[in-house]
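Heads up: the structure comes next, in structure tokens.
The values are calculated or read from the model by the stated rules, or taken from the named source; none is laboratory data. Keep in mind that this is a model prediction, so the values were computed, not measured. Cβ: placed from backbone, ideal geometry, glycine included. Neighbour counts: every protein chain shown.
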Amino acid sequence: FWDYLTSKLKSNLTPVSYTTWVESANPLYISGNDLHISVPSNLHKEYWERHYAEDIAIYSFEFNGIELNPIIETADDDTKKEEPERVPQNNTEIQNTTGHVFHNSHLNPKYTFDSFITGSGNQMAHAAALAVAEEPGVIYNPLFIYGGVGLGKTHLMQAIGHQMIKLEPAAKVKYITSETFTNDFINSIQTRTQDEFRQEYRNVDLLLIDDIQFFAEKEGTQEEFFHTFNELYANSKQIVMTSDRLPNEIPKLQERLVSRFRWGLPVDITAPDLETRIAILRNKAKAENLEIPDDTLSYIAEQVDTNVRELEGALLRVQAYSTMNKEDITKSIAADALKSLKLNNEQNGLTINKIQSRVAKYYRVSVNDLKGKKRVKTIVVPRQIAMYLARELTDKSLPQIGMEFGGKDHTTVMHSCDKISELVAKDDEIKRAVNELKDELRN
Ligand code: ADP
Ligand code: MG
């Protein structure tokens, strides 16, 4: 029956939807008239219950005259992680035919669901994004995708736009960064074209606003966005936002915006695991028509574990190196290409320790004070500067920096970095100190 059901469902779904919702599910057993089905997450469970409960009853009746009642179960957290084989292969056949629409919506044609590889770090975000594209304005509104740089937030967000246009070619989709929104808004005030501005933003079916952490501290823009948001929301238009952090962690974001952003669904994206990185590289290599042996792909994926953007950079580097040396891409070519990258990193290999001792010396405090908890201003500011410099000059993550400062929480580190960025902008003395320290540490 399962084969029968899935083939029926398949005929009604786009390939991405099929892979995401149906292929990830597994039949468990039948007891009485109950068909137990296992799915990877609660999001998938909700989706099955909303969409397929009836289909299952209908198709099972069609199949052998028994109406089965689905019981959807989510896999345990432990088992959830071990399913990398579900990575969808790139579906080259779905080249979009509606290219002209994309120009208006400012979408990058490369950022589609078909070219997005799923893995444990982005599975939830991917499923939520697809659900939103299929049923905009209905379930997860607003959808809030957050996570570190280069992990695929923009890609996923734009994939929603492409998918929605594919399903509903007349849909008005607008993609914009929060900076563009801010600039457009300021321009509209200067040129007295606020009505046009509002028309443009409030008259869409899907608004994609990227990197909204840059709304931080922009009072007027936040005010305007608040009204845009309300208008769209009231008309059940879908809003999707991305940010590098949760709404309540964005400095000086108005409480009423924070609370509205909570109405929908926040989903995070975390760094890809090794299998996912290999799958991403394989996909990319295929798209670029590169012949790369499996062991070489694995090797590159092992070397770069920070984010997808750097992973793509490494692949480019290997490609360039092999072209330059007129040799095929092999593991040893890849090792050579990436060695120079590593050496560079190690040579200016600045450690957090070095930053701490330099800052301690500059401010005549002890390194232990920087790592400690004392709240006096003469120590707090140097401590925050040291954290800020660690963030700027090394590629350590917020939690890693926190660890090196006596086990502080990543939010403390983030707060320190924000604080110093703020001070650098308005306090000349701090600015001079930070620049001096930066220059020294870089050499
Ligand atoms: P962010 O907006 O989170 O900084 P981007 O969406 O710009 O990240 O992604 C950076 C690069 O990595 C883009 O070229 C994007 O296509 C690619 N990328 C990120 N995640 C994936 C993924 N899961 N599958 C395929 N490519 C990805
Ligand atoms: Mg982005």
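Out of all the residues in the stretch 104-131, which are under 17 Å from Val240 (Cα atoms), hydrophobic (A, V, I, L, M, F, W, C) and within 16 Å of ligand 2 (Cβ to nearest atom)? Leu107, Ala125, Ala129, listed by residue number. Close Cβ contacts (under 9 Å, 6 or more residues apart or on different chains) running from residues in the stretch 111-129 that are more than 16 Å from Val308 (Cα to Cα) to residues that are small (Gly, Ala, Ser) and assigned to a loop (DSSP other than H, G, I, E, B) comprise Met124/Ser41; Ala127/Ser24; Ala127/Ser41.
When we screen Ile239, Ile280, Ile189 for residues that are farther than 30 Å from Pro293 by Cβ and modelled with pLDDT of 95 or more, the only hit is Ile239. In the set (1) over 27 Å from Asp268 (Cβ atoms); (2) among the small types (Gly, Ala, Ser); (3) within 16 Å of ligand 2 (Cβ to nearest atom), Gly161 fails one condition alone, (1).
For the criterion of being within 16 Å of ligand 1 (Cβ to nearest atom), of a type in the set (Ser, Thr, Tyr) and at pLDDT 50 or above, Thr112 passes.
When the stretch 17-62 is limited to residues that are assigned to a helix (DSSP H, G or I) and of a type in the set (Val, Ile, Thr), the one that is surrounded by the most Cβ atoms within 10 Å (Cβ to Cβ) turns out to be Thr20. Is it the case, given these coordinates, that Gln222 is buried (at least 17 other Cβ atoms within 10 Å of the Cβ), under 22 Å from Tyr140 (Cα atoms), more than 16 Å from ligand 1 (Cβ to nearest atom) and under 23 Å from the mean Cα position of the chain (by Cα)? In short, yes. Applying the set (1) touching a strand residue (DSSP E or B) at 6+ places or on another chain (Cβ under 6 Å); (2) more than 16 Å from ligand 2 (Cβ to nearest atom) to Lys172 leaves exactly one unmet item: (1). Pairs linking a residue in the stretch 170-186 that is basic (Lys, Arg) to a residue that is part of a helix (DSSP H, G or I), with Cβ atoms under 7 Å and 6 or more positions apart or on different chains, are Lys174/Ser105. Sub-8 Å Cβ pairs linking a first residue in the stretch 243-264 that is β-branched (Val, Ile, Thr) to a second residue that is part of a helix (DSSP H, G or I) and surrounded by 14 or more Cβ atoms within 10 Å (Cβ to Cβ), at least 6 apart or interchain, are Ile250/Ile212; Ile250/Gln213; Ile250/Phe215; Ile250/Val258; Val258/Pro247, ordered by first then second residue.
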